[in-house]
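One structure is given here, and the rest of the page talks about it.
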Amino acid sequence: MSAVTYNDGQVIVLSRQQQQQQQNPDSPPRRIAWLCHAVDARHLAALDPSVAHLTNEALEEYFEPRGGFANPAVMSCVEVQSRTGAKTLLYPILLPVTSQWMKRRIESRRRQECQVLIQKGVELARYLDCGVVALGQYTSIATRNGRSIDSYGMGVTTGNRYAVALAIQGINRALHERVLTTQNQTLVIVGAAGNIGRACAEILTPQYRQTILLGSRKSASRQRLQEIAAALPRVEVAVETDAIARGDVVLVSTNSVTTPLNASHFKAEAIVCDVSVPANLDLRVATLRPDLEILTGGIVRLPFGEELHIKGFPLPTGYTFGCKHSLICFRT
Ligand SMILES: NC(=O)c1ccc[n+]([C@@H]2O[C@H](COP(=O)([O-])OP(=O)(O)OC[C@H]3O[C@@H](n4cnc5c(N)ncnc54)[C@H](OP(=O)(O)O)[C@@H]3O)[C@@H](O)[C@H]2O)c1
């Protein structure tokens, strides 16, 4: 076993296999880390079967006070190959807290608690000799896109741009298959004031007949949306979900930890692309609304379909989130 001592004096051990891979001279020289956290409490329970019998709410309550004492864990160490043949050693590093744990702190001026944990993840990446670290899921939101962490000279990526590119690619492909053109379509962006939503609005709005920027019902939301809309053509803003029913194309990218969108929200035969992690569409939407084309945005297939061995993550084998794949594309 090999131990890492964090700046606060706490210690974490690497498994024998991780240590061997670390010292193997044949390992690819390029090493990268992806910081992630549990999507929800059920996901954490997959790592701790002793609490698997609890309800989702009870699980969140169980994990809530423990997050502040948690240390990041290296979930696996996987060689990932690109189409060019170049190989990279990828370390997924899990912060053992949920999206809800992060969101509660982001919204209650306790971001610092998230940042301490994320900084430990960065320390671990440095110990593993990584050249780049990607801030997955809410870790980019909590650190203001990496601005509030010390990266110790490593490259930092949020993967947001790549997630945007994947979402747009998916929507364009769906439109192309149906022989539809954007000039005749109404686009709704749910979460339009966020990092991803705003970038999508800036790129996509000029192409569509009309765009509706939708935000949360928080007091400052409408103003944030209006500031974005002021620089864009043919745009309306809204904070009520009934506006979604006007969308031929709906791009969803919010930081909601619930599933705010259900089968009744969408126009007939709409194309719906949900980039959010956790997903914002109620699981029953696909069954109840077979007329919709639902795209799970921001997910990408690895060229050689490697298994990433991140226990409990809601991804099929060989697939990954754009925020992680952006790492593999990243040139150091
Ligand atoms: N698949 C991938 O590779 C990938 C990559 C990066 C991020 N993500 C995911 O993408 C999502 C967005 O990330 P981000 O960085 O853009 O987040 P962000 O900057 O925090 O923005 C999220 C926006 O969501 C809005 N919102 C929250 N609840 C809402 C609701 N019920 N209805 C409408 N709007 C709502 C907020 O609106 P107001 O400002 O109006 O309050 C906020 O502006 C997250 O779930 C993240 O995990 C996925």
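Quick rundown of the values:
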read-out: Distant alpha-carbon pairs in the range 215-304 (separation over 21 angstrom), percent; value: 37 percent
read-out: Cα-derived Rg to Rh of the chain, Kirkwood definition; value: 0.98
read-out: Calculated FRET value between residue 69 and residue 263, using beta carbons and R₀ = 41 Å, to 0.05; value: 0.50
read-out: Per-residue Cβ neighbour rank within 10 angstrom, fewest leading, 34, 101; value: 101, 34
read-out: Cβ-based charge dipole, the range 30-73, positive-most Cα from 36, 70, 52; value: 36
read-out: Computed E for residue 55/residue 218 - FRET, C-beta separation, R0 35 angstrom, nearest 0.05; value: 0.80
read-out: Shape of the range 1-141, Cα gyration tensor, a/c cut at 1.5; value: prolate
read-out: Gain on full stretching of the segment that runs from residue 181 to residue 62 - 0.36 nm per residue minus C-alpha separation; value: 37.9 nm
read-out: Length released on extending from residue 304 to residue 169, taking residue separation times 0.36 nm less the Cα-Cα span; value: 46.5 nm
read-out: Interchain or long-range residues, amide H under 5 Å from residue 186's placed H; value: 248, 249
read-out: Three-way shape label, the range 82-200, alpha-carbon gyration tensor, a/c 1.5; value: oblate
read-out: Efficiency of FRET from Cβ geometry, residue 26 and residue 210, R₀ 45 Å, rounded to 0.05; value: 0.20
read-out: Lys, Arg +1 and Asp, Glu -1 on Cβ, resulting dipole of the range 96-171 about Cα centre, debye, nearest 20; value: 360 debye
read-out: Anchor residue 120: aspartates and glutamates whose Cα lies under 15 Å away (excluding residues fewer than 8 positions away in-chain); value: 8, 129, 150
read-out: Distance in nm between pseudo-label sites at residue 202 and residue 19 (7 Å out along the Cβ direction from Cα); value: 4.7 nm
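Coordinate-derived values only; no laboratory data. This structure is a prediction, so every number in the text was calculated from the model and none was measured. For neighbour counting, all protein chains shown are included, and Cβ atoms are generated from backbone atoms with ideal geometry for every residue, glycine included.
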